[in-house]
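The values are calculated or read from the model by the stated rules, or taken from the named source; none is laboratory data. Remember, it's a predicted structure, so these values are computed and weren't measured experimentally. Here the Cβ positions follow ideal geometry from the backbone for every residue, glycine too, while neighbour counts run over all protein chains shown. With ligands, DNA and RNA removed, areas are computed over all heavy atoms of the protein, side chains included. Shrake-Rupley method; radii C 1.70, N 1.55, O 1.52, S 1.80 Å.
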Amino acid sequence: MAEFIEKYIADMLLSFYGDGDNDFYEYLDDDVMWYGPLEGQTIKGRDELKKVLYGGSRSLRFHIDNMKTKLFPLRADVILIIAEYRLTACYRNGKVVNYDQHAMVVIRKRRLEDGQQVWRCPLIHISDILYKEKRDSSYALLIDEEKKQRLDRIIDERGQTEKIILSGEGNSSYFLGADSIRYIEGGKGIRSYVYTQEGMYTVTHLLKDIEKKLPDCYYRCHASYIVNMNCIKKISGYKITLDDGTEIPVPVKKYSAVREYIVAYAGGNAQ
């Protein structure tokens, strides 16, 4: 159940910001209440929300990185979810701003006329944790095609990458961009430490299970480490040095094989 809710909320938010494949409005109650992110912004009803947010060509382009969610069951049929994430917004004038943002989302189970039970969202509250933008944020504004194409290019350059879903402690989940993970260290028990460009995340997975979720650029160089080979600066002296100076040990018995694999990967010949 928790895994279903995690995916539901992730799909919903990614669809709203343009990173998902589904229609954002299919998740909403007809009488949904929307608060923020602009100060004092309140919108009631799915149709009104659609008109306000998408009444013209959308003037902003968005990208989400490294989302964390935490679930709070209120009743058997009502769940509150808090999601935190880094949002990149590209404005009409070409300005690019990063927001540390969070969303409070309520979802409830409803029975349709045909008897089918579905989850729908009656309340969304989105706000910026630190940075407060006073100008337009999500409203639809008319924008000429040339500016629209320029904003699309900016977002494309930042990379729309695969999201890796990992479970954290206390009913929390992380939705991490696959290319943002630098390396992963195994801990005691069912616990591992994921190091990204933004910081470290403690997850409740064994390294062997995380390894199955990762793309080919990740390599198990040590029983306790998985490394993103795109972050490697050099390998020498039985250790791998990343481009930020982090050093990862390599077992003496595996050193030749690990070095050979990394060199082959750098040359485009890794198997």
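General observations
- Among the residues of the range 200-259, those that are hydroxyl-bearing (S, T, Y), open to solvent by 30 Å² or more (accessible area, probe 1.4 Å) and touching a residue at least 24 places away in the same chain (Cβ under 8 Å) comprise Y201, T202, T204, Y219, S224, Y225, T246.
- Of the residues screened, V227 is not one that is of a type in the set (V, I, T) and more than 21 Å from G187 (Cα to Cα).
- Residue count, the range 168-191 (criterion: free of Cβ contacts under 8 Å to residues at least 60 places away in the same chain and buried (at least 22 other Cβ atoms within 10 Å of the Cβ)): 2
- Within the range 25-38, the set of residues being modelled with pLDDT of 80 or more and either open to solvent by 20 Å² or more (accessible area, probe 1.4 Å) or not in a strand (DSSP E or B) (or both) comprises Y25, E26, Y27, D30, D31, M33, Y35.
- Meets criteria (closer than 17 Å to P37 by Cα, modelled with pLDDT under 70 and open to solvent by 80 Å² or more (accessible area, probe 1.4 Å)) for K134: yes
- Exactly one residue among D100, D114, D156 is closer than 30 Å to I232 by Cβ, at pLDDT 80 or above and open to solvent by 50 Å² or more (accessible area, probe 1.4 Å), and that residue is D100.
- With respect to (1) within 19 Å of the chain's Cα centre (by Cα); (2) under 30 Å from L80 (Cβ atoms); (3) modelled with pLDDT of 90 or more, the lone exception for R191 is condition (1).
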